Amino acid sequence: MARSKKELFDWALTACRENRIKRTRPLESVLRYLAQHDMPTSWSDLSEDREIKATCNAATVFRIATKLERAGILRRVGLHSRHSHYVLSAPGRHCDYLICRNCDKILDAPGSCPIHKIEEEVERELGFHADFHELEIYGQCRECQHKKGRTSHKPTHEHHTHS
């Protein structure tokens, strides 16, 4: 179910109210920014946004992001040990990502998600209903693959996130 930017912002405000997160100007600024951006946003981009900077400092942005993530309103995407990127996790909003381990670029995964068929099979055979899942594919983007002289890749991590 596709939502407009305003509907996404309104959903986030309602979710905050339901989770007893106090509505403040900094919170509204962070939620407005996230609702306007379809792709995951880094903490540094959030804290450097002009509207957000006018209402709070970087430490407050971090505290807001942490609180929203704990409440399930925000999803942390990729590269957890190096950079935090965030996207609103509204019900019905489904996004899978390709994450470059060289340049940290995050791309929308093309095509339909193969996990939906697995979820249906799991529910049919095991009676387990999945609330949501996360699919993040790590590798090297086209640009990094074609850069001259870059033959070493960062070490492979045995990290699997299945939610």
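The values are calculated or read from the model by the stated rules, or taken from the named source; none is laboratory data. Treat the numbers as computed from the prediction; the structure is a model and nothing was measured. Every residue, glycine as well, gets a Cβ built from its backbone with ideal geometry; the counts of neighbours run over all protein chains shown.
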Residue list for segment 116-136, filter: surrounded by 11 or more Cβ atoms within 10 Å (Cβ to Cβ) and at pLDDT below 85: His116, Ala130, Phe132, His133, Glu134, Leu135, Glu136
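The rows are residues; the columns are (1) crowded, with 18+ Cβ neighbours inside 10 Å; (2) touching a residue at least 40 places away in the same chain (Cβ under 8 Å).
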position: Asp45; (1), (2): no, no
position: Glu48; (1), (2): no, no
position: Ala54; (1), (2): no, no
position: Asn57; (1), (2): no, no
position: Ala65; (1), (2): yes, no
position: Arg70; (1), (2): no, no
position: Gly78; (1), (2): yes, yes
Filter result for Cys16 (closer than 19 Å to Pro91 by Cβ, surrounded by 14 or more Cβ atoms within 10 Å (Cβ to Cβ) and out of contact with any Ser or Thr (no Cβ under 7 Å at 6 or more places or on another chain)): yes
Answer residue from segment 68-101, given it is under 12 Å from Ser42 (Cα atoms) and among the charged types (D, E, K, R) and is modelled with the lowest pLDDT among those: Arg82
